[in-house]
Amino acid sequence: MSQSTVSVADELLADLNDAQRAAVLATHGPVAIRARAGTGKTRVITRRTAYAISTGVVPADQALVVTFTDKAANEMVERLRRLGLPDVTARTFHAHALSQLRHFWPSRHDGRPLPEILDSKLGLLVPLVRRLPGHYRFTAAKDVADEIEWAKNRRIAPDAYEPAAAGRSTPIPVDLMARLYRDYERAKTRADRLDFDDMLTRTVELLETDDEAAETVRSRKRWISVDEYQDTNPLQERLLELWLGDRADLCVVGDEDQTIYTFAGATPSLLTSFADRYPGARTIDLTENYRSTPQILDLANRLLAGDGRTKRLVATRGPGPVATIDRHPHAEAELDAVTARMRGFIGDGVAPAEIAVLVRTNAQLVPVEEALTRAGVAYRVRGTRFYDRPEVRGAIEIVRRSVGDATGPALATAIVARWRDELGYRDGDTDRGPETRERAAALDTLLGILETLLQSEPAADRAAFLAELDRRRADERDGAAEGVNLLTLHRAKGLEWDAVLLPMLEEGSLPVRSSAEGEALAEERRLLYVGITRARRHLALSWAERRDVRGKEARRRRSRFLDDLLPPPRRHVVQLPDAFEAHPVRARTTAVEEAAVDPRFVALREWRANRARADGVPAYVVAHDQTLIAILDADPRSLAALRRVRGMGPAKVDRYGPEIMDVLDRTRSAPEDS
């Protein structure tokens, strides 16, 4: 190695921490780098690539960095160029596979060029979905497209789909889905088109069946790094295996706790099981976080610990403001607090573009937009704006042309009837695919706007409603590039801001109602983790006890994930008399007197009295004072935990458990989270 090469290599290592340096020095695979949020993942990938090239491990033109988005690929190329490496290839899985298909296709298909690639499956799927029987014709075509993607990412052909999907939650019944999948593939063949999934499946088939093509591909790129490996699906993993052949120079980089695209086939198990599938693999953990303050990382660590995880992010930044978790009596108070908090951030010198509000669904952005408009706070919606969404435009067009001259409440009835006939709208459509649920939420939001209008103009007609929607759409489109950012948690991945606000953290919102258990619930937790770790210095989480749903006030419960983030409740520690054994009655009386100052005990006693009157029994039959004290001491966060409290049991938990948990939720840690 020449002196200049040594100098370049030393420079690449100079400003790295110990774990980053170990990752960069691991130039021979297989290697798994578990890069937690904010730990310098992109820096490590580019430095490792540059170090391998500068030390002669691999020529620049034989190195391949695989990313998941074109934006990430462009950023990787730019960073490598700044390191003096313009010849390194950085591409997405699809782009690299497409380059191979274009090269080999004509020679394997009688000189014919590669068919054109569909921009989207929806052009072929929408007519097929509209021909489905009954209410199924209103299914969101994107949900069907996602299900086809799920199948193709597992190389499940239409004829094998039905048994493979048995027991799976599908957007339409499995037999109909199998038929639609077959019809889609036939339509694609007739149109002589390929879709994005075909780029991968056809490349896999080529490399599995054509030894010459496989050897050519492997000879050109023999040293591979994969970014965001936690988002890899089984088909992409198979493609990696074929690109590698019998070589081992593979490095994967990712964070299993940021796997938030399982609907597209991603699974955190590919990263966590990497060492099992690649014998001799090294695993390197990056845990030093350069983005967030210790206060923010404390919440992120608590969230993971609540799921039994021991992983901890370590702060390298100095301390910052306390991250807040606020309870509000109603949604309007929460929105007022959000706008006030933004004004405070801006007043303290935080640039509006360095502030973000993150929510679970697009429909939740609408009340935030309205609140910011009233407050005169400039904002911009990242991603598709609410009023530009196709389902929203379509619903408004139906109002514009076909609801007649109804006014007041009759207008709402007429609109719902038309949406039901033309869009398949069903109130509370939560048992189907995510896009169908998102569409229902969007229509609910439009109806909520109408209900609000009718409160101020009881005789409002169609023209008044359309004028209100036009005003709101104009406000949304006037969003300033330098305004605060509004976006969903999914879109926030890979981004960061000085200040992040996470409102509406309630059961039914996060986690969404359809994701209350199993892997779906785990993914909802990961979404919140992604949201928390986007913040550099300021972080504010909140929820509301009451929220209007379609003009009707509904009680809300805070997200179960907040239970893991809140500090334990302050308890009164009672030193019982030494003569407790001799005077048990006196000891119990002292404990009750001490507990009487606890507002939670007061609330439980009030509940007990009301329940005893309703049941026509003495209060002690519902629960003794000692049982109430035992509940406070245990502070149960679930019915299972309540069942373990002395004095409670299966029968009492079945009868009283939900009511007790509701009392505890309303009164727990009031000084800390209100």
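The values are calculated or read from the model by the stated rules, or taken from the named source; none is laboratory data. Source: prediction; values computed, not measured. Heads up, the Cβs are rebuilt from the backbone with ideal geometry, glycines too, and the neighbour counts pull from every protein chain shown.
Does at least one position in segment 149-168 carry a residue that is outside the structural domain of Glu438 (by TED's automatic domain parsing) and within 19 Å of Arg439 (Cα to Cα)?
Within segment 149-168, none of the residues are outside the structural domain of Glu438 (by TED's automatic domain parsing) and within 19 Å of Arg439 (Cα to Cα).
Being of a type in the set (Asp, Glu), assigned to a helix (DSSP H, G or I) and closer than 30 Å to Leu528 by Cα is the filter here, so list the residues in segment 458-508 that pass it. If you could, list the steps in order and put the result at the bottom.
Step one: filter segment 458-508 for residues of a type in the set (Asp, Glu), giving 461, 468, 470, 475-476, 478, 482, 496, 498, 506-507.
Remaining after also requiring assigned to a helix (DSSP H, G or I): 468, 470, 475-476.
If the condition is that a residue be of a type in the set (Asp, Glu), assigned to a helix (DSSP H, G or I) and closer than 30 Å to Leu528 by Cα, then Asp475, Glu476 are the ones that fit.
Tally time: how many residues in segment 605-652 are more than 42 Å from the chain's Cα centre (by Cα) and within 19 Å of Asp665 (Cα to Cα)?
Here is the first cut: in segment 605-652, the ones more than 42 Å from the chain's Cα centre (by Cα) are 609, 612-621, 624-626.
Subsequent filtering for residues that are within 19 Å of Asp665 (Cα to Cα) retains 609.
Total satisfying the criteria: 1.
Suppose we keep only residues that are at pLDDT 90 or above and part of a loop (DSSP other than H, G, I, E, B) within segment 248-276. Which one would you say is farthest from the chain's Cα centre (by Cα)?
Of everything passing the filter in segment 248-276, Asp249 is farthest from the chain's Cα centre (by Cα).
Residues being aliphatic (A, V, I, L, M) and out of contact with any Ser or Thr (no Cβ under 7 Å at 6 or more places or on another chain): count how many of those fall in segment 366-405. Let's see the steps before the verdict.
Quick first cut of segment 366-405, residues aliphatic (A, V, I, L, M) only: 366, 368, 371-372, 375, 377-378, 381, 392, 395-396, 398-399, 403.
Next cut, out of contact with any Ser or Thr (no Cβ under 7 Å at 6 or more places or on another chain) only: 368, 378, 381, 392, 395-396, 398-399, 403.
So the answer is 9.
Tell me yes or no: at least one residue of segment 355-369 is surrounded by 14 or more Cβ atoms within 10 Å (Cβ to Cβ) and farther than 25 Å from Glu524 by Cβ. Before the answer, list the steps.
Going through segment 355-369, the residues surrounded by 14 or more Cβ atoms within 10 Å (Cβ to Cβ) turn out to be 355-369.
If we keep only those that are farther than 25 Å from Glu524 by Cβ as well, we get none.
Checked against the condition, which is being surrounded by 14 or more Cβ atoms within 10 Å (Cβ to Cβ) and farther than 25 Å from Glu524 by Cβ, segment 355-369 yields no hits at all.
Taking the stated definitions as given, is Pro279 part of a loop (DSSP other than H, G, I, E, B) and either outside the structural domain of Gly448 (by TED's automatic domain parsing) or among the small types (Gly, Ala, Ser) (or both)?
Values: part of a loop (DSSP other than H, G, I, E, B): yes; either outside the structural domain of Gly448 (by TED's automatic domain parsing) or among the small types (Gly, Ala, Ser) (or both): yes.
Here the answer is yes, as Pro279 does meet what is asked.
Check whether at least one residue in segment 33-47 is under 22 Å from Glu288 (Cα atoms) and surrounded by fewer than 19 Cβ atoms within 10 Å (Cβ to Cβ), and report yes or no. Please lay out each step first, then the result.
Looking only at segment 33-47, we keep the residues that are under 22 Å from Glu288 (Cα atoms), and these are 33-47.
Still in the running and surrounded by fewer than 19 Cβ atoms within 10 Å (Cβ to Cβ): 42-43.
Yes, segment 33-47 contains a residue that is under 22 Å from Glu288 (Cα atoms) and surrounded by fewer than 19 Cβ atoms within 10 Å (Cβ to Cβ).
Which residues, counting only those in segment 296-325, are buried (at least 19 other Cβ atoms within 10 Å of the Cβ) and not hydrophobic (A, V, I, L, M, F, W, C)?
Within segment 296-325, Asn301 is the sole residue that qualifies.
Exactly one condition in (1) under 27 Å from Thr69 (Cβ atoms); (2) of a type in the set (Lys, Arg); (3) in contact with a Leu (Cβ under 9 Å, 6 or more places away or on another chain) is not met by Arg108; state its number.
Here Arg108 clears every test but (1).
Looking only at residues in segment 556-573 that are at pLDDT 90 or above and of a type in the set (Lys, Arg), which one is surrounded by the fewest Cβ atoms within 10 Å (Cβ to Cβ)?
Of everything passing the filter in segment 556-573, Arg557 is surrounded by the fewest Cβ atoms within 10 Å (Cβ to Cβ).
If you check Asp10, Asp70, Asp110, Asp87, which single one turns out to be within 30 Å of Arg317 (Cβ to Cβ), among the acidic types (Asp, Glu) and either free of Cβ contacts under 8 Å to residues at least 60 places away in the same chain or surrounded by 14 or more Cβ atoms within 10 Å (Cβ to Cβ) (or both)? Can you show your working first?
Working: Asp70 fails: within 30 Å of Arg317 (Cβ to Cβ); Asp110 fails: within 30 Å of Arg317 (Cβ to Cβ); Asp87 fails: within 30 Å of Arg317 (Cβ to Cβ).
Residue meeting the stated conditions: Asp10.
Name the single residue that is modelled with the lowest pLDDT among those in segment 608-618 being loosely packed, with under 15 Cβ neighbours inside 10 Å and either touching a Phe, Trp or Tyr at 6+ places or on another chain (Cβ under 9 Å) or in a helix (DSSP H, G or I) (or both).
Of all residues in segment 608-618, those loosely packed, with under 15 Cβ neighbours inside 10 Å come to 609-610, 613-618.
Those still in the list that are either touching a Phe, Trp or Tyr at 6+ places or on another chain (Cβ under 9 Å) or in a helix (DSSP H, G or I) (or both) too: 609-610, 613-615.
Values: Ala609: 84, Asn610: 85, Arg613: 80, Ala614: 78, Asp615: 75.
Per the stated criteria, the residue is Asp615.
Does segment 411-428 contain at least one residue that is closer than 25 Å to Ala264 by Cα and in a loop (DSSP other than H, G, I, E, B)? It would help to see each step written out before you state the result.
At the first step, the residues of segment 411-428 found to be closer than 25 Å to Ala264 by Cα are 428.
From what is left, the residues that are in a loop (DSSP other than H, G, I, E, B) are 428.
Yes, that holds for at least one residue.
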